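Q: Here it is: the structure, laid out below.
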Amino acid sequence: MEFPTHFDVIVVGGGHAGTEAALASARTGASTLLLTHNIETLGQMSCNPAIGGIGKGHLVKEIDALGGAMGKAADAAGIHFRTLNSRKGPAVRATRAQADRSLYRSAIRQILENQPNLTLFQQPVDDLIVEGDEVRGAITQLGVKFRAHAVVLTVGTFLAGKIHVGDANSAAGRAGDPPAATLAARMRELPLEVGRLKTGTPPRIDARTIDYTHLQPQPGDSPRPVFSYLGSVDQHPQQVHCHITHTSERTHDIIRAALHRSPLFSGEIEGVGPRYCPSIEDKVVRFADKTSHQIFIEPEGLTTHEIYPNGISTSLPFDVQINYVQSIKGFENAHITRPGYAIEYDYFDPRGLSASLETKPLKRLFFAGQINGTTGYEEAAAQGLIAGLNAARQVQGLEPWTPRRDEAYIGVLIDDLITRGTREPYRMFTSRAEYRLMLREDNADMRLTAKGRELGLVDDHRWAAFQAKSLAVDELGKALKALVIHPGQPEFKAVEEATGLSLSRERHASDLLKMPEVRLNELLPMIAPELAGFDASVIEQVEIQGKYAGYLDRQQADVERARAQQSVRLPVDFDYNSVSGLSNEITQKLLEHKPETLGQAARISGVTPAAVSLLAIYLKKTALPESA
Amino acid sequence: MYTTDTIAAVATGSGRAGVGIIRISGPAVPDIARQITGKTLTARHAHHLPFVDDAGQTLDEGLAIRFDAPNSYTGEAVLELQGHGGPVVLDMVLQRVLACGARPARPGEFTERAFLNDRMDLAQAEAVADLIDASSQAAAQAAIRSLDGEFSQAVNAISEELMTLRAWLEAALDFSEEEIDFLSDPVFKQRVRELLEAFDSVFERATQGSRLTDGLTVVIAGVANVGKSSLLNALSGTDRAIVTDIAGTTRDVLHEHITLDGIPLHLMDTAGIRLTDDVVEQHGIDRAEQALASADHVLILVDASQPVLPETHRLAKLNAPSTLLINKMDAVESSVKSALQDTAERFKEATGAQEVLFLSIKADEGLDALRDHLIQTAGRDTAVEGVFSARRRHLDALQRSREAADAALNRLNQGDMPELAAEELRLARSALDEVTGRFDTEDLLGKVFGQFCIGK
């Protein structure tokens, strides 16, 4: 049957990408349908029970600054918060929370159910409605046809998912869920480049069988960080500790003796796993001289005894899992509640996508999340938000929007995917961002909220809060610029005493700020008590701008220099063969990728700067006759 | 490889010569070779045969050598026709080649293609030009060293180390929970220090080389009205500078390029340094000080008939090596000359000048000795082992790169914001990439994952 209501946008999948996609689409006013195989698992954390981390926390803050759900849900479900890199500079500081899985799911479901313009429906999707080179809807297992102007696919590891535990393997989307086999078979018929990736999980353990007496506890941070710009610690549930333990030589011996039974080494697994999240058997083989590996014991929630031993993901047979787990300090009598497993799944080469996340061969079809070769809840959610937004914008006849590399980690993520593709599950790191100093957790709202408002993603409440903060930052920044202290003034002496520095001559507040010993929240009461009343987030913002001053100016200048070239548009049907001097190989690459701008062309691997100059010169030459 | 066109040019010099070579590069080479020689040539074999026109008439005869892509100079198919060196016969053969489907090459286009096809990097491509232009044996040797990639190798070695150090730093930043923290490791800072030394060594060798190609920058300086402009005119054999006996005549920095014994020199005449109320002249003096900052060698000119002014002593605070020139010896009584010798020695000691020369520009005395001295000065630099041919551009990039690496070390010592040290290392590497034109975004993370066990 054909479903009577037609939608603007259909989102297939209710994970982290799917929820942000559906919410973003609906926020812009598009009538949106979220199709999931199971409403109970909306917002499910399939892997480790944590949100954020270095690079990932940055993404969460950006999603939040654009009105997304992830930060809010993490505040509602976080049972252990930390600021990573807290003793390093602001650009690499990052928030991470252990989350109670069920609290997280209910927070997400609550947000979804209360979102205007959003409809939920439970049915696995088996096929897409394709007319010509356009996608016009989705067909569910029962044969119900849902028609829409655009479809966002966020199918995670469900496309032809295959689980391995030793030599036993089975088809699954994740442990306990069936895979999307019919859709996968259908998708493989489409003109898209398909590949296989692999990821893994550790065995879960019953905490009552762990001996914590000799394990190192790891408490959350105090003061406790908050994820959402609109959040507060009052929203956080009860907080708990994590613990740390280590593998031993004996653990490694057990693993080494069983390597031939690992599907990773027998060749059974063809998918490529992430190098930064290796299985324990991978670590033992590749870093043979390391006698011990760290394991973080992460609680799964407040109402369960299950823990997630982060650091020992595996696809070894279950009997080996029991042996090696019990060789670990504190785990001598551990009971495994669920075996660890590796999962292989289909993904599509993201170089087949535009920056809007629309596929190039099929119009009105958008991809987000693991289907694009990424890993991680945050990476998925970030793409989901952009895909949902752009699907809605296409229906509304508006230009797509994707942040640039200098605006957001979301921009770095998408640009990396569509220009370079990926051969392993792609995860965000701060070192991927050349403008890292500009892209911080603390200023994601300053970078993105105004744009989000313009795009219709940011509601009145968030907008008002942002405007107040933004004004205050300006005000404090200006006041500080005018502030000078002179020798002889009591303020001068106070600063010298507090810092232990000899200042000797008059000093601008901005110069004082550059000294590592000086913190603005301590400085203000001494030299300008009337300014000390600003909100801590405002003072922090101004302090960071001061500490990074020269570097930020330089990065900004770089951005502007690059932008001139970056934004030069290349027509999709550009005839690279007519550019003299381009090598065959490079011409092939450009024809394959069809970069949208000169900047994208430059980032395609194998495209040399010389080739980019040739393109720039050619474009200039061919543009000349019109202006001459 | 190029898909579009084939280029051709006479590769040997103009004028009559025993042998003349026409070089052809591009996809039409096999076809052109067949048309002109009537044969299918074996690659990398010298074939002795006639070069014929479209009617089969012999235009010239000589050796034809074919190279297949990518094993040729340009990385494309290349044909070399080595015939007789007369301009008319060479032109006839060239016209025939063009009629067969090639177009005339722009200057440097063969090398440009070699660069574009990754047969050489930018520093090597420039070295080719330097080798062709080399005006002295020393310059030629330096260019060959760069062409062999010695300069590029030295730069790449630094670049590689910058990358390794940054990978360590990034690992500590992105994986702070992984028990791999180099920030406090003394070995890390030690390696940055060693890197700075490597920079200094490459920089010194490249500086010498840049003098061979770009020429030694020699700045003529001194207080007003000691004859600086006359010296410029005398050395360059022109009347470039206006010479009067009015102090403060020269208001801007004047440039002349001269060649002494095959060594290019870049002469700069500057405004006389003195206290002045004249705004324009003061501007000229500021520029003079800028010129001094860029000098490889400074000629400090003093008037033998006048007492040494304190402004001259200001010139003593120069970084560049200098030579003290005592001018206007013709205006000095012979009885004073020995006393002058004594004063000059003391002055030489005070300024750190390498040598003192007595001359009279007006009477053309001592100028030859000065020329010899300049040749020696430039020659002394060429005696350094392993000089690379390099350009100002390279030196500038090396300098910026080193400054960034130095700033990284300071940041590490300061300790509170290691991400700024990483930023400096990133800048250091991108400045270095300008030298070789190699901007490949090497997989930094690949390096991290290859070295450290990372991941929960």
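Q: Would you check if there is a residue in the range A:126-141 being within 25 Å of A:Val458 (Cα to Cα) and either buried (at least 18 other Cβ atoms within 10 Å of the Cβ) or at pLDDT 95 or above (or both)?
A: Checked the range A:126-141: no residue is within 25 Å of A:Val458 (Cα to Cα) and either buried (at least 18 other Cβ atoms within 10 Å of the Cβ) or at pLDDT 95 or above (or both).
Q: Do we find a residue being surrounded by 16 or more Cβ atoms within 10 Å (Cβ to Cβ), closer than 30 Å to A:Ser86 by Cα, out of contact with any Lys or Arg (no Cβ under 6 Å at 6 or more places or on another chain) and facing chain B (nearest Cβ under 10 Å) anywhere in the range A:259-275?
A: yes
Q: Looking at A:Gly68, A:Gly29, can you tell me which residue is in a loop (DSSP other than H, G, I, E, B) and under 14 Å from the mean Cα position of the chain (by Cα)? I'd like the intermediate steps shown before the answer.
A: Details: A:Gly29 fails: under 14 Å from the mean Cα position of the chain (by Cα).
Among A:Gly68, A:Gly29, only A:Gly68 is in a loop (DSSP other than H, G, I, E, B) and under 14 Å from the mean Cα position of the chain (by Cα).
Q: Further, regarding this structure: Filter the range A:147-156 for residues that are farther than 11 Å from A:Leu34 by Cβ, crowded, with 22+ Cβ neighbours inside 10 Å and modelled with pLDDT of 95 or more and give the result.
A: A:Ala148, A:Ala150, A:Val151, A:Leu153
Q: A:Arg423: modelled with pLDDT under 95, in a loop (DSSP other than H, G, I, E, B) and surrounded by fewer than 21 Cβ atoms within 10 Å (Cβ to Cβ), yes or no?
A: yes
Q: I would also like to ask the following. Considering B:Gly455, B:Gly415, B:Gly446, which residue is open to solvent by 30 Å² or more (accessible area, probe 1.4 Å) and at pLDDT below 85?
A: Numbers: B:Gly455 fails: open to solvent by 30 Å² or more (accessible area, probe 1.4 Å); B:Gly446 fails: open to solvent by 30 Å² or more (accessible area, probe 1.4 Å).
The unique qualifying residue is B:Gly415.
Q: Sticking with this structure for a sec: Could you say whether any residue in the range A:551-566 is without any contact (Cβ under 8 Å) to a residue 24 or more places away in the chain and either within 28 Å of B:Glu109 (Cβ to Cβ) or among the aliphatic types (A, V, I, L, M) (or both)?
A: Yes, the range A:551-566 contains at least one residue that is without any contact (Cβ under 8 Å) to a residue 24 or more places away in the chain and either within 28 Å of B:Glu109 (Cβ to Cβ) or among the aliphatic types (A, V, I, L, M) (or both).
Q: Within the range A:215-252, which residues are open to solvent by 60 Å² or more (accessible area, probe 1.4 Å) and touching an Asp or Glu at 6+ places or on another chain (Cβ under 6 Å)?
A: A:Tyr229, A:Gln235
Q: Anything in the range A:426-448 that is surrounded by fewer than 21 Cβ atoms within 10 Å (Cβ to Cβ) and closer than 19 Å to B:Ala167 by Cβ? List them, or say none.
A: Across the range A:426-448, the qualifying residues are A:Arg432, A:Glu434.
Q: Can you say whether A:Gly195 is small (Gly, Ala, Ser), farther than 30 Å from A:Glu332 by Cβ, in a loop (DSSP other than H, G, I, E, B) and under 24 Å from the mean Cα position of the chain (by Cα), as far as the supplied structure shows?
A: Judged against the criteria, A:Gly195 is not a match.
Q: In the range B:163-201, what residues are away from every other protein chain (no Cβ under 14 Å), aliphatic (A, V, I, L, M) and open to solvent by less than 10 Å² (accessible area, probe 1.4 Å)?
A: B:Val192, B:Leu195
Q: What residue, among those in the range A:94-121 that are touching a Ser or Thr at 6+ places or on another chain (Cβ under 6 Å) and open to solvent by 10 Å² or more (accessible area, probe 1.4 Å), is nearest to A:Thr304 (Cα to Cα)?
A: Ranking the qualifying residues of the range A:94-121, first place goes to A:Leu118.
Q: Now for a different question. Within the range A:300-313, can one find any residue that is among the aromatic types (Phe, Trp, Tyr), in a strand (DSSP E or B), open to solvent by less than 20 Å² (accessible area, probe 1.4 Å) and more than 14 Å from chain B (Cβ to nearest Cβ)?
A: Within the range A:300-313, not a single residue is among the aromatic types (Phe, Trp, Tyr), in a strand (DSSP E or B), open to solvent by less than 20 Å² (accessible area, probe 1.4 Å) and more than 14 Å from chain B (Cβ to nearest Cβ).
Q: Additional query: Here is a check on your reading of the model: is A:Lys493 touching a strand residue (DSSP E or B) at 6+ places or on another chain (Cβ under 9 Å), among the basic types (Lys, Arg) and open to solvent by 20 Å² or more (accessible area, probe 1.4 Å)?
A: Numbers: touching a strand residue (DSSP E or B) at 6+ places or on another chain (Cβ under 9 Å): no; among the basic types (Lys, Arg): yes; open to solvent by 20 Å² or more (accessible area, probe 1.4 Å): yes.
Against the criterion (touching a strand residue (DSSP E or B) at 6+ places or on another chain (Cβ under 9 Å), among the basic types (Lys, Arg) and open to solvent by 20 Å² or more (accessible area, probe 1.4 Å)), A:Lys493 does not qualify.
Q: Check the range A:394-407 and report whether any residue there is of a type in the set (D, E, K, R), open to solvent by 20 Å² or more (accessible area, probe 1.4 Å) and in contact with a strand residue (DSSP E or B) (Cβ under 7 Å, 6 or more places away or on another chain).
A: No: zero hits.
Q: Of the residues A:Glu592, A:Glu530, A:Glu585, A:Glu560, only one is within 13 Å of chain B (Cβ to nearest Cβ), surrounded by fewer than 18 Cβ atoms within 10 Å (Cβ to Cβ) and assigned to a helix (DSSP H, G or I); which?
A: Criteria check complete, one pass: A:Glu585.
Q: Could you please give the count of residues in the range B:208-255 that are in a helix (DSSP H, G or I), at pLDDT below 75 and closer than 15 Å to B:Met268 by Cβ?
A: 1
Q: I would also like to ask the following. Could we say that B:Leu432 is at pLDDT 75 or above, surrounded by fewer than 21 Cβ atoms within 10 Å (Cβ to Cβ) and either more than 14 Å from chain A (Cβ to nearest Cβ) or more than 30 Å from A:Thr314 (Cβ to Cβ) (or both) here? Full working, then the answer.
A: Values: at pLDDT 75 or above: yes; surrounded by fewer than 21 Cβ atoms within 10 Å (Cβ to Cβ): no; either more than 14 Å from chain A (Cβ to nearest Cβ) or more than 30 Å from A:Thr314 (Cβ to Cβ) (or both): yes.
Considered against the rule, which asks whether it is at pLDDT 75 or above, surrounded by fewer than 21 Cβ atoms within 10 Å (Cβ to Cβ) and either more than 14 Å from chain A (Cβ to nearest Cβ) or more than 30 Å from A:Thr314 (Cβ to Cβ) (or both), B:Leu432 comes out as no.
Q: Only one residue in A:Ser46, A:Ser86 is surrounded by fewer than 24 Cβ atoms within 10 Å (Cβ to Cβ), of a type in the set (Ser, Thr, Tyr), part of a loop (DSSP other than H, G, I, E, B) and under 19 Å from the mean Cα position of the chain (by Cα). Which one?
A: After ruling out the rest, the residue left standing is A:Ser46.
Q: Restricted to the range B:119-161, and to residues that are within 14 Å of chain A (Cβ to nearest Cβ) and at pLDDT 75 or above, which residue is least open to solvent (accessible area, probe 1.4 Å)?
A: Selected residue: B:Met120.
The values are calculated or read from the model by the stated rules, or taken from the named source; none is laboratory data. Remember, it's a predicted structure, so these values are computed and weren't measured experimentally. All Cβ positions, glycine included, derive from the backbone under ideal geometry; neighbour counts span all protein chains shown. For the accessible areas, the whole protein counts, side chains as well, though only heavy atoms, and no ligand, DNA or RNA atoms are used. Shrake-Rupley method; radii C 1.70, N 1.55, O 1.52, S 1.80 Å.
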